[in-house]
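Following: one structure in C-alpha coordinates, then a few remarks.
The values are calculated or read from the model by the stated rules, or taken from the named source; none is laboratory data. Bear in mind that the values here come from a model prediction, so they are computed numbers and not experimental data. Here the Cβ positions follow ideal geometry from the backbone for every residue, glycine too, while neighbour counts run over all protein chains shown. Quick note on the areas: whole protein, heavy atoms, side chains included, nothing else; ligands and nucleic acids left out. Shrake-Rupley method; radii C 1.70, N 1.55, O 1.52, S 1.80 Å.
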Amino acid sequence: MIPGYTSPSMQAAQRQAIPKLSLKHISKNFHTKTGKFNAVEDINLEVKAGEFICIVGPSGCGKTTVLNIIAGLEKPDGGDALVDGTPIKGPGTDRLVIFQDLALFPWLTVSKNVEFGLRLAGVSKKERQERAMHFLKMVHLTRFSNSCIHELSGGMKQRVALARALAINPDILLMDEPFAALDAQTRDILHEELQEIWVATKKTIIFVTHNVREAACLGDRVLVFATHPGRIKQQFQLMCTRPRHIEDPGLMVYAKAILAELKAEVEKVAKEELDYDWRTVTKKPVLRLDDRNLGSGT
Amino acid sequence: MIVTWEVAHRIGLWPKFLFPSPSEVLYTLVNGFHDKSFIIGIIASMRRIVIGYLISLVAGLALGLSFGRIKFLEETLGSLALGLQTLPSICWLPLALLWFGLNESAIIFVVIMGAFLSITIATESGVKNVPPLWLRAGRNMGAKGHRMLLEVIIPAALPSIIVGMKQGWSFAWRSLMAGELSYASVGLGHLLTLGRELNDMSQVLAVMIVIIIIGLLVDRIVFANLERGMRERWGLEQV
(Lines give C-alpha, C1' and ligand atoms only; values in the text may rest on other atoms or scores of the structure.)
Protein backbone atom coordinates (compact mmCIF):
# COMPACT_ATOMS: atom_id res chain seq x y z
CA MET A 1 0.00 0.00 0.00
CA ILE A 2 1.26 3.41 -0.79
CA PRO A 3 1.82 5.44 2.37
CA GLY A 4 -0.68 8.17 3.01
CA TYR A 5 -3.20 6.63 0.69
CA THR A 6 -6.51 5.44 2.11
CA SER A 7 -8.18 3.20 -0.39
CA PRO A 8 -11.93 3.29 -0.84
CA SER A 9 -11.92 -0.33 0.31
CA MET A 10 -10.58 0.71 3.71
CA GLN A 11 -13.25 3.34 4.05
CA ALA A 12 -15.81 0.82 2.97
CA ALA A 13 -14.60 -1.63 5.57
CA GLN A 14 -15.71 0.86 8.19
CA ARG A 15 -19.22 0.71 6.85
CA GLN A 16 -19.60 -2.99 7.43
CA ALA A 17 -23.35 -3.06 7.34
CA ILE A 18 -23.62 -2.64 3.60
CA PRO A 19 -22.24 -5.55 1.59
CA LYS A 20 -19.42 -4.67 -0.77
CA LEU A 21 -21.32 -6.12 -3.66
CA SER A 22 -24.82 -7.36 -3.95
CA LEU A 23 -26.65 -8.83 -6.88
CA LYS A 24 -30.41 -9.08 -6.62
CA HIS A 25 -32.43 -11.15 -9.07
CA ILE A 26 -30.01 -10.45 -11.89
CA SER A 27 -31.03 -11.80 -15.28
CA LYS A 28 -29.57 -11.34 -18.71
CA ASN A 29 -30.66 -12.54 -22.14
CA PHE A 30 -28.76 -12.68 -25.36
CA HIS A 31 -30.40 -12.59 -28.74
CA THR A 32 -28.95 -15.02 -31.21
CA LYS A 33 -30.03 -16.21 -34.64
CA THR A 34 -31.88 -19.12 -33.08
CA GLY A 35 -33.78 -16.87 -30.72
CA LYS A 36 -33.58 -15.61 -27.18
CA PHE A 37 -30.96 -17.24 -25.03
CA ASN A 38 -31.19 -16.99 -21.30
CA ALA A 39 -27.64 -16.42 -20.14
CA VAL A 40 -28.27 -15.93 -16.45
CA GLU A 41 -31.46 -15.91 -14.42
CA ASP A 42 -32.21 -14.78 -10.92
CA ILE A 43 -28.69 -14.47 -9.59
CA ASN A 44 -28.64 -13.46 -5.94
CA LEU A 45 -25.34 -12.85 -4.26
CA GLU A 46 -23.92 -10.83 -1.43
CA VAL A 47 -20.19 -10.38 -1.11
CA LYS A 48 -18.49 -8.92 1.96
CA ALA A 49 -15.56 -6.55 1.59
CA GLY A 50 -12.35 -8.51 1.36
CA GLU A 51 -14.03 -11.80 0.56
CA PHE A 52 -12.56 -14.20 -1.97
CA ILE A 53 -15.31 -15.75 -4.07
CA CYS A 54 -14.72 -18.46 -6.62
CA ILE A 55 -17.25 -19.30 -9.29
CA VAL A 56 -17.17 -22.67 -11.02
CA GLY A 57 -19.56 -23.93 -13.62
CA PRO A 58 -19.79 -25.61 -17.00
CA SER A 59 -18.99 -23.53 -20.05
CA GLY A 60 -21.86 -21.35 -21.13
CA CYS A 61 -23.31 -21.02 -17.64
CA GLY A 62 -22.97 -17.25 -17.63
CA LYS A 63 -20.01 -16.91 -15.27
CA THR A 64 -18.36 -14.39 -17.54
CA THR A 65 -21.66 -12.60 -18.03
CA VAL A 66 -21.96 -12.11 -14.28
CA LEU A 67 -18.43 -10.72 -14.15
CA ASN A 68 -19.19 -8.34 -17.00
CA ILE A 69 -22.34 -7.16 -15.26
CA ILE A 70 -20.40 -6.45 -12.08
CA ALA A 71 -17.73 -4.69 -14.14
CA GLY A 72 -20.43 -2.58 -15.75
CA LEU A 73 -19.41 -3.70 -19.22
CA GLU A 74 -22.82 -5.28 -19.72
CA LYS A 75 -26.21 -4.20 -18.47
CA PRO A 76 -28.47 -6.78 -16.82
CA ASP A 77 -31.94 -7.14 -18.30
CA GLY A 78 -33.46 -7.42 -14.88
CA GLY A 79 -32.53 -7.09 -11.24
CA ASP A 80 -30.18 -4.80 -9.37
CA ALA A 81 -26.42 -4.85 -9.10
CA LEU A 82 -25.14 -2.74 -6.23
CA VAL A 83 -21.65 -1.83 -5.09
CA ASP A 84 -21.54 -0.38 -1.57
CA GLY A 85 -25.28 -0.02 -1.84
CA THR A 86 -25.20 2.13 -4.98
CA PRO A 87 -26.36 0.78 -8.33
CA ILE A 88 -23.69 0.02 -10.92
CA LYS A 89 -23.86 2.47 -13.79
CA GLY A 90 -21.31 1.44 -16.35
CA PRO A 91 -17.65 0.59 -15.92
CA GLY A 92 -15.64 2.04 -13.09
CA THR A 93 -12.07 1.73 -11.92
CA ASP A 94 -13.25 0.47 -8.54
CA ARG A 95 -14.05 -2.85 -10.26
CA LEU A 96 -11.33 -4.15 -12.52
CA VAL A 97 -11.44 -7.19 -14.74
CA ILE A 98 -8.48 -9.41 -15.46
CA PHE A 99 -9.59 -10.92 -18.71
CA GLN A 100 -9.09 -14.49 -19.75
CA ASP A 101 -6.87 -13.36 -22.62
CA LEU A 102 -5.37 -10.65 -20.42
CA ALA A 103 -5.79 -7.86 -22.96
CA LEU A 104 -2.35 -6.42 -22.33
CA PHE A 105 -1.48 -3.76 -24.88
CA PRO A 106 1.35 -4.89 -27.17
CA TRP A 107 2.27 -1.33 -28.13
CA LEU A 108 3.24 -0.50 -24.56
CA THR A 109 6.11 -1.79 -22.46
CA VAL A 110 5.44 -3.73 -19.28
CA SER A 111 5.67 -0.68 -17.02
CA LYS A 112 3.65 1.46 -19.43
CA ASN A 113 0.95 -1.21 -19.39
CA VAL A 114 0.89 -1.07 -15.61
CA GLU A 115 0.73 2.72 -15.74
CA PHE A 116 -2.09 2.73 -18.28
CA GLY A 117 -5.01 3.19 -15.92
CA LEU A 118 -3.10 5.71 -13.83
CA ARG A 119 -2.37 7.82 -16.87
CA LEU A 120 -6.06 7.87 -17.73
CA ALA A 121 -6.80 8.90 -14.18
CA GLY A 122 -4.41 11.84 -14.58
CA VAL A 123 -1.86 10.69 -12.02
CA SER A 124 1.42 12.60 -12.31
CA LYS A 125 4.29 10.96 -14.13
CA LYS A 126 6.45 10.54 -11.06
CA GLU A 127 3.74 8.97 -8.96
CA ARG A 128 2.72 6.78 -11.88
CA GLN A 129 6.18 5.36 -12.18
CA GLU A 130 6.47 4.84 -8.46
CA ARG A 131 3.20 3.00 -8.28
CA ALA A 132 3.95 0.92 -11.35
CA MET A 133 7.27 -0.06 -9.79
CA HIS A 134 5.59 -0.84 -6.47
CA PHE A 135 3.18 -3.28 -8.05
CA LEU A 136 5.71 -4.76 -10.44
CA LYS A 137 7.74 -5.48 -7.33
CA MET A 138 4.74 -7.15 -5.76
CA VAL A 139 4.52 -9.54 -8.72
CA HIS A 140 8.32 -9.84 -8.92
CA LEU A 141 8.74 -8.45 -12.41
CA THR A 142 10.81 -5.30 -11.91
CA ARG A 143 13.61 -6.67 -14.07
CA PHE A 144 11.28 -6.75 -17.04
CA SER A 145 9.71 -3.34 -16.61
CA ASN A 146 11.03 -2.13 -19.95
CA SER A 147 10.35 -5.31 -21.88
CA CYS A 148 7.79 -5.66 -24.60
CA ILE A 149 4.76 -7.80 -23.88
CA HIS A 150 5.57 -10.42 -26.51
CA GLU A 151 8.88 -11.16 -24.81
CA LEU A 152 7.16 -12.48 -21.69
CA SER A 153 6.01 -15.99 -20.88
CA GLY A 154 2.39 -16.77 -20.10
CA GLY A 155 2.94 -16.63 -16.36
CA MET A 156 4.79 -13.32 -16.61
CA LYS A 157 2.01 -11.81 -18.70
CA GLN A 158 -0.38 -12.92 -15.99
CA ARG A 159 1.68 -11.06 -13.44
CA VAL A 160 1.67 -7.91 -15.57
CA ALA A 161 -2.11 -8.10 -15.88
CA LEU A 162 -2.39 -8.46 -12.12
CA ALA A 163 -0.04 -5.53 -11.51
CA ARG A 164 -1.90 -3.41 -14.05
CA ALA A 165 -5.19 -4.05 -12.29
CA LEU A 166 -3.78 -3.55 -8.78
CA ALA A 167 -2.07 -0.28 -9.76
CA ILE A 168 -5.45 1.32 -10.36
CA ASN A 169 -6.33 0.29 -6.80
CA PRO A 170 -9.77 -1.21 -7.36
CA ASP A 171 -11.95 -2.44 -4.51
CA ILE A 172 -13.06 -5.46 -6.42
CA LEU A 173 -10.90 -7.61 -8.63
CA LEU A 174 -12.80 -9.66 -11.18
CA MET A 175 -10.73 -12.50 -12.55
CA ASP A 176 -12.03 -14.45 -15.52
CA GLU A 177 -10.26 -17.81 -15.71
CA PRO A 178 -6.94 -16.03 -15.55
CA PHE A 179 -4.74 -19.08 -15.02
CA ALA A 180 -6.49 -21.41 -17.45
CA ALA A 181 -3.78 -21.29 -20.08
CA LEU A 182 -0.84 -21.79 -17.73
CA ASP A 183 1.04 -24.97 -16.92
CA ALA A 184 0.31 -26.57 -13.56
CA GLN A 185 3.57 -25.51 -11.87
CA THR A 186 3.29 -21.86 -12.85
CA ARG A 187 -0.31 -21.95 -11.74
CA ASP A 188 0.69 -23.32 -8.34
CA ILE A 189 3.10 -20.49 -7.79
CA LEU A 190 0.55 -17.91 -8.85
CA HIS A 191 -2.05 -19.44 -6.53
CA GLU A 192 0.25 -18.87 -3.60
CA GLU A 193 1.16 -15.37 -4.66
CA LEU A 194 -2.41 -14.40 -5.37
CA GLN A 195 -3.33 -15.42 -1.83
CA GLU A 196 -0.45 -13.37 -0.47
CA ILE A 197 -1.41 -10.35 -2.52
CA TRP A 198 -5.02 -10.76 -1.50
CA VAL A 199 -4.04 -10.78 2.15
CA ALA A 200 -1.72 -7.80 1.68
CA THR A 201 -4.11 -5.63 -0.32
CA LYS A 202 -7.43 -6.74 1.23
CA LYS A 203 -9.17 -6.72 -2.13
CA THR A 204 -12.51 -8.32 -2.74
CA ILE A 205 -11.88 -10.94 -5.41
CA ILE A 206 -14.33 -12.73 -7.63
CA PHE A 207 -12.52 -15.47 -9.43
CA VAL A 208 -14.08 -17.50 -12.24
CA THR A 209 -12.54 -20.84 -13.07
CA HIS A 210 -13.14 -24.24 -14.60
CA ASN A 211 -10.84 -25.87 -12.15
CA VAL A 212 -12.58 -27.18 -9.04
CA ARG A 213 -9.38 -27.66 -7.08
CA GLU A 214 -8.24 -24.19 -7.93
CA ALA A 215 -11.56 -22.88 -6.64
CA ALA A 216 -11.25 -24.88 -3.43
CA CYS A 217 -7.70 -23.67 -2.98
CA LEU A 218 -8.45 -19.99 -3.41
CA GLY A 219 -11.99 -19.27 -2.34
CA ASP A 220 -13.50 -18.32 1.00
CA ARG A 221 -16.68 -19.28 -0.71
CA VAL A 222 -17.21 -21.31 -3.87
CA LEU A 223 -20.32 -20.89 -5.99
CA VAL A 224 -21.31 -23.67 -8.34
CA PHE A 225 -23.25 -22.40 -11.32
CA ALA A 226 -25.91 -24.35 -13.14
CA THR A 227 -26.57 -23.84 -16.79
CA HIS A 228 -29.55 -23.14 -19.08
CA PRO A 229 -30.29 -20.75 -17.62
CA GLY A 230 -27.18 -19.78 -15.67
CA ARG A 231 -27.92 -19.59 -11.97
CA ILE A 232 -26.26 -20.31 -8.64
CA LYS A 233 -26.86 -23.94 -7.84
CA GLN A 234 -24.90 -24.43 -4.67
CA GLN A 235 -22.57 -22.52 -2.36
CA PHE A 236 -19.73 -23.86 -0.30
CA GLN A 237 -18.18 -22.02 2.61
CA LEU A 238 -14.57 -23.11 3.01
CA MET A 239 -13.14 -22.98 6.50
CA CYS A 240 -9.58 -24.09 5.77
CA THR A 241 -6.69 -22.01 7.05
CA ARG A 242 -4.50 -19.98 4.75
CA PRO A 243 -2.18 -19.98 2.98
CA ARG A 244 -3.56 -22.98 1.22
CA HIS A 245 -1.92 -25.17 -1.32
CA ILE A 246 -3.82 -26.87 -4.09
CA GLU A 247 -2.66 -30.29 -2.87
CA ASP A 248 -3.75 -29.79 0.76
CA PRO A 249 -5.63 -32.91 1.86
CA GLY A 250 -8.13 -30.81 3.79
CA LEU A 251 -9.24 -29.19 0.59
CA MET A 252 -9.94 -32.49 -1.11
CA VAL A 253 -13.13 -33.00 0.88
CA TYR A 254 -14.46 -29.71 -0.41
CA ALA A 255 -13.15 -30.25 -3.91
CA LYS A 256 -14.93 -33.59 -4.05
CA ALA A 257 -18.21 -32.13 -2.91
CA ILE A 258 -17.92 -29.24 -5.38
CA LEU A 259 -17.00 -31.60 -8.16
CA ALA A 260 -20.03 -33.77 -7.46
CA GLU A 261 -22.28 -30.74 -7.85
CA LEU A 262 -20.48 -29.60 -10.94
CA LYS A 263 -20.37 -32.95 -12.62
CA ALA A 264 -24.12 -33.19 -12.86
CA GLU A 265 -24.13 -29.84 -14.64
CA VAL A 266 -21.32 -30.72 -17.00
CA GLU A 267 -23.08 -33.92 -17.94
CA LYS A 268 -26.26 -32.01 -18.60
CA VAL A 269 -24.38 -29.78 -21.05
CA ALA A 270 -22.72 -32.77 -22.69
CA LYS A 271 -26.08 -34.44 -23.21
CA GLU A 272 -27.34 -31.36 -25.00
CA GLU A 273 -24.28 -30.99 -27.16
CA LEU A 274 -23.35 -34.55 -28.05
CA ASP A 275 -25.07 -37.39 -29.90
CA TYR A 276 -27.90 -39.25 -28.20
CA ASP A 277 -25.86 -42.41 -27.71
CA TRP A 278 -23.42 -40.60 -25.43
CA ARG A 279 -23.45 -41.59 -21.78
CA THR A 280 -21.08 -41.10 -18.89
CA VAL A 281 -18.48 -43.70 -18.22
CA THR A 282 -19.27 -44.57 -14.64
CA LYS A 283 -17.78 -47.95 -13.87
CA LYS A 284 -15.20 -48.74 -16.45
CA PRO A 285 -13.09 -51.75 -15.52
CA VAL A 286 -9.44 -51.08 -14.90
CA LEU A 287 -7.54 -51.35 -18.13
CA ARG A 288 -5.41 -54.38 -18.62
CA LEU A 289 -1.75 -53.78 -19.24
CA ASP A 290 -1.91 -54.86 -22.87
CA ASP A 291 -4.71 -52.36 -23.52
CA ARG A 292 -2.33 -49.53 -22.87
CA ASN A 293 0.28 -50.43 -25.44
CA LEU A 294 3.15 -49.86 -23.09
CA GLY A 295 5.38 -52.07 -25.12
CA SER A 296 5.26 -54.95 -22.68
CA GLY A 297 5.62 -57.35 -25.59
CA THR A 298 2.57 -59.43 -24.75
CA MET B 1 25.00 -4.96 -66.94
CA ILE B 2 26.15 -1.36 -67.12
CA VAL B 3 29.30 -2.51 -68.95
CA THR B 4 27.23 -4.45 -71.49
CA TRP B 5 25.06 -1.42 -71.97
CA GLU B 6 28.12 0.79 -72.52
CA VAL B 7 29.69 -1.70 -74.96
CA ALA B 8 26.45 -2.19 -76.89
CA HIS B 9 26.15 1.57 -77.20
CA ARG B 10 29.76 1.96 -78.41
CA ILE B 11 29.44 -0.66 -81.16
CA GLY B 12 26.23 1.02 -82.26
CA LEU B 13 23.54 -1.62 -81.75
CA TRP B 14 20.93 1.16 -81.82
CA PRO B 15 20.89 4.81 -83.02
CA LYS B 16 22.83 6.84 -80.46
CA PHE B 17 20.23 9.60 -80.04
CA LEU B 18 17.51 7.10 -79.00
CA PHE B 19 19.26 5.55 -76.05
CA PRO B 20 22.32 7.16 -74.46
CA SER B 21 25.26 5.38 -72.87
CA PRO B 22 25.67 5.09 -69.11
CA SER B 23 28.56 7.51 -69.17
CA GLU B 24 26.43 10.13 -70.89
CA VAL B 25 23.64 9.59 -68.35
CA LEU B 26 26.13 9.93 -65.52
CA TYR B 27 27.52 13.10 -67.06
CA THR B 28 24.04 14.61 -67.36
CA LEU B 29 23.29 13.55 -63.81
CA VAL B 30 26.38 15.26 -62.43
CA ASN B 31 25.83 18.26 -64.65
CA GLY B 32 22.20 18.50 -63.61
CA PHE B 33 23.14 18.65 -59.95
CA HIS B 34 26.00 21.00 -60.74
CA ASP B 35 23.94 23.63 -62.55
CA LYS B 36 21.24 23.13 -59.88
CA SER B 37 18.46 22.40 -62.39
CA PHE B 38 17.94 18.93 -60.83
CA ILE B 39 18.11 20.32 -57.31
CA ILE B 40 15.48 22.94 -58.11
CA GLY B 41 13.33 20.21 -59.65
CA ILE B 42 13.73 17.91 -56.66
CA ILE B 43 12.92 20.69 -54.21
CA ALA B 44 9.82 21.70 -56.16
CA SER B 45 8.59 18.12 -56.35
CA MET B 46 9.40 17.33 -52.73
CA ARG B 47 7.60 20.44 -51.58
CA ARG B 48 4.46 19.40 -53.43
CA ILE B 49 4.52 15.85 -52.19
CA VAL B 50 5.26 16.76 -48.59
CA ILE B 51 2.41 19.27 -48.47
CA GLY B 52 0.07 16.94 -50.33
CA TYR B 53 1.03 13.92 -48.28
CA LEU B 54 0.69 15.68 -44.94
CA ILE B 55 -2.77 16.92 -45.85
CA SER B 56 -3.69 13.39 -47.01
CA LEU B 57 -2.39 11.95 -43.77
CA VAL B 58 -4.44 14.23 -41.57
CA ALA B 59 -7.57 13.97 -43.71
CA GLY B 60 -7.17 10.23 -44.23
CA LEU B 61 -6.69 9.52 -40.53
CA ALA B 62 -9.62 11.70 -39.54
CA LEU B 63 -11.93 10.23 -42.13
CA GLY B 64 -10.76 6.66 -41.56
CA LEU B 65 -11.28 6.97 -37.81
CA SER B 66 -14.75 8.37 -38.23
CA PHE B 67 -15.66 5.67 -40.76
CA GLY B 68 -14.39 3.04 -38.39
CA ARG B 69 -16.28 4.38 -35.39
CA ILE B 70 -19.49 5.78 -36.86
CA LYS B 71 -21.53 3.18 -38.65
CA PHE B 72 -23.73 5.68 -40.42
CA LEU B 73 -20.77 7.39 -42.08
CA GLU B 74 -19.24 4.11 -43.08
CA GLU B 75 -22.44 2.94 -44.74
CA THR B 76 -22.93 6.16 -46.67
CA LEU B 77 -19.47 7.48 -47.50
CA GLY B 78 -17.43 4.34 -46.99
CA SER B 79 -18.44 2.70 -50.23
CA LEU B 80 -17.93 6.01 -52.01
CA ALA B 81 -14.34 6.07 -50.77
CA LEU B 82 -13.80 2.53 -52.01
CA GLY B 83 -15.24 3.43 -55.40
CA LEU B 84 -13.18 6.56 -55.75
CA GLN B 85 -10.02 4.71 -54.89
CA THR B 86 -10.30 2.71 -58.10
CA LEU B 87 -10.01 5.95 -60.02
CA PRO B 88 -6.38 6.78 -60.86
CA SER B 89 -5.82 10.09 -59.18
CA ILE B 90 -4.44 11.77 -62.30
CA CYS B 91 -8.02 11.67 -63.60
CA TRP B 92 -8.69 14.46 -61.12
CA LEU B 93 -6.28 16.77 -62.95
CA PRO B 94 -8.76 18.26 -65.44
CA LEU B 95 -11.15 19.02 -62.61
CA ALA B 96 -8.36 20.38 -60.45
CA LEU B 97 -7.16 22.66 -63.24
CA LEU B 98 -10.64 24.07 -63.60
CA TRP B 99 -11.08 24.49 -59.85
CA PHE B 100 -7.69 25.82 -58.90
CA GLY B 101 -6.28 27.10 -62.17
CA LEU B 102 -2.84 26.42 -63.59
CA ASN B 103 -0.95 26.46 -60.30
CA GLU B 104 0.56 24.48 -57.45
CA SER B 105 -2.79 23.78 -55.79
CA ALA B 106 -3.98 21.75 -58.76
CA ILE B 107 -1.00 19.39 -58.57
CA ILE B 108 -1.15 19.13 -54.79
CA PHE B 109 -4.82 18.29 -55.12
CA VAL B 110 -3.96 15.41 -57.44
CA VAL B 111 -1.35 14.19 -54.94
CA ILE B 112 -3.91 14.33 -52.16
CA MET B 113 -6.45 12.40 -54.16
CA GLY B 114 -3.79 9.76 -54.74
CA ALA B 115 -2.79 9.25 -51.12
CA PHE B 116 -5.68 10.16 -48.94
CA LEU B 117 -8.17 7.48 -49.89
CA SER B 118 -5.78 4.61 -49.31
CA ILE B 119 -4.87 6.03 -45.91
CA THR B 120 -8.58 6.42 -45.14
CA ILE B 121 -9.40 2.87 -46.11
CA ALA B 122 -6.47 1.35 -44.25
CA THR B 123 -7.24 3.37 -41.12
CA GLU B 124 -10.88 2.37 -41.29
CA SER B 125 -10.07 -1.32 -41.55
CA GLY B 126 -7.49 -0.99 -38.78
CA VAL B 127 -10.01 0.61 -36.47
CA LYS B 128 -12.68 -1.93 -37.27
CA ASN B 129 -10.30 -4.80 -36.59
CA VAL B 130 -9.24 -3.65 -33.13
CA PRO B 131 -9.98 -6.67 -30.92
CA PRO B 132 -13.10 -5.91 -28.85
CA LEU B 133 -11.23 -7.26 -25.84
CA TRP B 134 -8.81 -4.30 -25.92
CA LEU B 135 -11.74 -1.92 -26.08
CA ARG B 136 -13.35 -3.59 -23.08
CA ALA B 137 -10.07 -3.53 -21.19
CA GLY B 138 -9.68 0.16 -22.03
CA ARG B 139 -13.24 0.91 -20.95
CA ASN B 140 -12.70 -1.10 -17.79
CA MET B 141 -9.66 0.99 -16.90
CA GLY B 142 -11.52 4.21 -17.40
CA ALA B 143 -10.90 5.11 -21.05
CA LYS B 144 -13.69 7.08 -22.69
CA GLY B 145 -14.18 9.28 -25.75
CA HIS B 146 -11.03 10.86 -27.11
CA ARG B 147 -8.80 9.18 -24.53
CA MET B 148 -10.05 5.83 -25.77
CA LEU B 149 -9.31 6.94 -29.33
CA LEU B 150 -5.80 8.18 -28.57
CA GLU B 151 -4.71 5.59 -26.03
CA VAL B 152 -6.31 2.43 -27.34
CA ILE B 153 -7.89 2.61 -30.78
CA ILE B 154 -5.18 4.44 -32.70
CA PRO B 155 -2.24 2.46 -31.24
CA ALA B 156 -4.14 -0.76 -31.79
CA ALA B 157 -4.88 0.16 -35.40
CA LEU B 158 -1.32 1.35 -36.04
CA PRO B 159 -0.07 -1.70 -37.97
CA SER B 160 -2.83 -1.25 -40.49
CA ILE B 161 -2.40 2.53 -40.55
CA ILE B 162 1.30 2.18 -41.36
CA VAL B 163 0.51 -0.11 -44.27
CA GLY B 164 -1.95 2.50 -45.53
CA MET B 165 0.60 5.29 -45.10
CA LYS B 166 3.15 3.35 -47.10
CA GLN B 167 0.72 2.61 -49.86
CA GLY B 168 -0.50 6.20 -49.74
CA TRP B 169 3.04 7.45 -50.19
CA SER B 170 3.64 5.39 -53.29
CA PHE B 171 0.31 6.48 -54.75
CA ALA B 172 1.17 10.09 -53.96
CA TRP B 173 4.56 9.79 -55.62
CA ARG B 174 3.04 8.30 -58.77
CA SER B 175 0.30 10.89 -58.90
CA LEU B 176 2.82 13.67 -58.48
CA MET B 177 4.93 12.43 -61.40
CA ALA B 178 1.85 11.99 -63.59
CA GLY B 179 0.68 15.48 -62.66
CA GLU B 180 4.04 17.06 -63.30
CA LEU B 181 4.39 15.29 -66.63
CA SER B 182 1.02 16.53 -67.76
CA TYR B 183 1.36 20.00 -66.44
CA ALA B 184 3.98 21.78 -64.36
CA SER B 185 6.48 24.55 -64.72
CA VAL B 186 9.15 23.07 -62.45
CA GLY B 187 9.71 19.69 -60.87
CA LEU B 188 11.06 16.27 -61.77
CA GLY B 189 8.17 15.44 -64.06
CA HIS B 190 8.73 18.68 -65.86
CA LEU B 191 12.42 17.84 -66.35
CA LEU B 192 11.29 14.61 -68.01
CA THR B 193 9.01 16.51 -70.38
CA LEU B 194 11.78 18.97 -71.08
CA GLY B 195 14.15 16.12 -71.92
CA ARG B 196 11.64 14.69 -74.36
CA GLU B 197 11.01 18.05 -76.01
CA LEU B 198 14.71 18.74 -76.41
CA ASN B 199 15.26 15.16 -77.56
CA ASP B 200 17.75 14.83 -74.73
CA MET B 201 17.40 11.16 -73.82
CA SER B 202 20.23 11.19 -71.31
CA GLN B 203 18.34 13.82 -69.31
CA VAL B 204 15.22 11.66 -69.40
CA LEU B 205 17.15 8.67 -68.08
CA ALA B 206 19.02 10.71 -65.50
CA VAL B 207 15.76 12.10 -64.12
CA MET B 208 14.23 8.62 -64.08
CA ILE B 209 17.15 7.46 -61.96
CA VAL B 210 16.65 10.37 -59.56
CA ILE B 211 12.95 9.48 -59.25
CA ILE B 212 13.74 5.85 -58.50
CA ILE B 213 16.34 6.80 -55.91
CA ILE B 214 14.04 9.22 -54.08
CA GLY B 215 11.24 6.66 -54.08
CA LEU B 216 13.57 3.99 -52.72
CA LEU B 217 15.11 6.24 -50.10
CA VAL B 218 11.78 7.26 -48.65
CA ASP B 219 10.53 3.69 -48.67
CA ARG B 220 13.70 2.23 -47.15
CA ILE B 221 14.44 4.92 -44.62
CA VAL B 222 11.11 6.33 -43.49
CA PHE B 223 8.64 3.50 -43.89
CA ALA B 224 10.95 0.54 -43.36
CA ASN B 225 12.05 1.98 -40.01
CA LEU B 226 8.52 2.83 -39.01
CA GLU B 227 7.38 -0.68 -39.80
CA ARG B 228 10.32 -2.37 -38.14
CA GLY B 229 9.92 -0.36 -34.96
CA MET B 230 6.27 -1.32 -34.78
CA ARG B 231 6.93 -4.98 -35.56
CA GLU B 232 9.59 -5.27 -32.90
CA ARG B 233 7.39 -3.66 -30.31
CA TRP B 234 4.42 -5.89 -31.11
CA GLY B 235 6.51 -8.99 -31.61
CA LEU B 236 5.08 -9.61 -35.05
CA GLU B 237 8.36 -10.99 -36.39
CA GLN B 238 7.86 -14.38 -34.79
CA VAL B 239 4.32 -14.87 -35.99
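Just a few scattered comments:
- Helix axis angle, A:154-167 relative to chain A longest principal axis, alpha carbon, degrees: 40
- Residues in the stretch A:42-78 that a label on A:ASP275 would reach, taking backbone N under 13 Å of a point 7 Å out along Cα→Cβ: none
- Here's the picture: a label point sits 7 Å out from the Cα of A:LYS256 along the beta-carbon direction, and within the stretch A:192-221 the residues with their amide nitrogen under 20 Å of it are A:211-219.
- Potential lengthening of the chain between A:VAL199 and A:MET239 amounts to 12.8 nm, from the contour at 0.36 nm per residue minus the alpha-carbon distance.
- P(r), alpha carbons of the stretch A:174-255 - 5 Å bins starting at zero, rounded %: 3, 14, 25, 27, 19, 9, 3, 0
- Taking every residue in A:112-120 and counting other chain Cβ atoms within 10 Å of its Cβ, the average works out to 3.
- Kirkwood Rh (inverse of mean 1/r, distinct Cα pairs), the stretch B:47-185, angstrom: 15.6
- Kirkwood-Stokes translational diffusion coefficient of chain A, alpha-carbon pairs, 25 °C, 0.890 mPa s, µm²/s: 118
- Gaussian network model of chain B, Cα within-10 Å springs - most flexible of B:ARG196, B:ARG47, B:ARG136: B:ARG136
- Taking both sides together, the accessible area buried where B meets A is about 2200 Å² for a 1.4 Å probe.
- Computed over the alpha-carbon pairs of the protein assembly as shown, the distance histogram in 10 Å steps reads 3, 14, 19, 18, 14, 11, 9, 7, 4, 1, 0 percent, short to long.
- Listing of the stretch B:149-184 residues, each with accessible area lower by at least 20 Å² in the full protein assembly than in the chain alone (probe 1.4 Å): B:GLU151, B:VAL152, B:PRO155
- In degrees, nearest ten, helix B:188-197 long axis to first principal axis of chain B (Cα): 30
- Compared with the dominant Cα axis of chain A, that is its longest principal axis, helix A:249-273 is turned about 70°.
- Two-site FRET efficiency, B:GLU6 against A:SER153, from Cβ-Cβ distance with R₀ of 45 Å, rounded to 0.05: 0.15
- Residue-count net charge about A:CYS61 - beta-carbon cut-off 14 Å; Lys, Arg +1, Asp, Glu -1: -3
- Once the 1.4 Å probe is applied to the protein heavy atoms, chain B comes out at 53 Å² accessible per residue.
- Build a GNM of chain A with springs between Cα atoms under 10 Å apart, and of A:MET239, A:MET175, A:MET138 the one that fluctuates most is A:MET239.
- Helix-derived mean residue ellipticity, 222 nm - over the protein assembly as shown, DSSP H n ≥ 4, -39500 (n - 2.57), to 500: -17000 deg cm²/dmol
- Within the shell of other residues whose beta carbon sits under 12 angstrom from the beta carbon of A:VAL224, the net charge comes to +3, with Lys and Arg scored +1 and Asp and Glu -1.
- Shape of chain B, Cα gyration tensor, a/c cut at 1.5: prolate
- Protection proxy ranking of B:122-129, A:192-199 - average other beta-carbon atoms within 10 Å, highest first: B:122-129, A:192-199
- When a 1.4 Å probe is rolled over the protein heavy atoms, the share of accessible surface on the stretch B:54-129 that falls to carbon and sulfur comes to 73 percent.
- Gyration tensor (alpha-carbon) shape descriptor, the stretch A:75-215, a/c threshold 1.5: oblate
- B:LEU73-B:TRP99 FRET efficiency (beta carbon distance; Förster radius 30 Å; 0.05 resolution): 0.75
- Inter-site label distance for A:LYS48 and B:VAL30 at 7 Å from Cα along Cβ, in nm: 9.1
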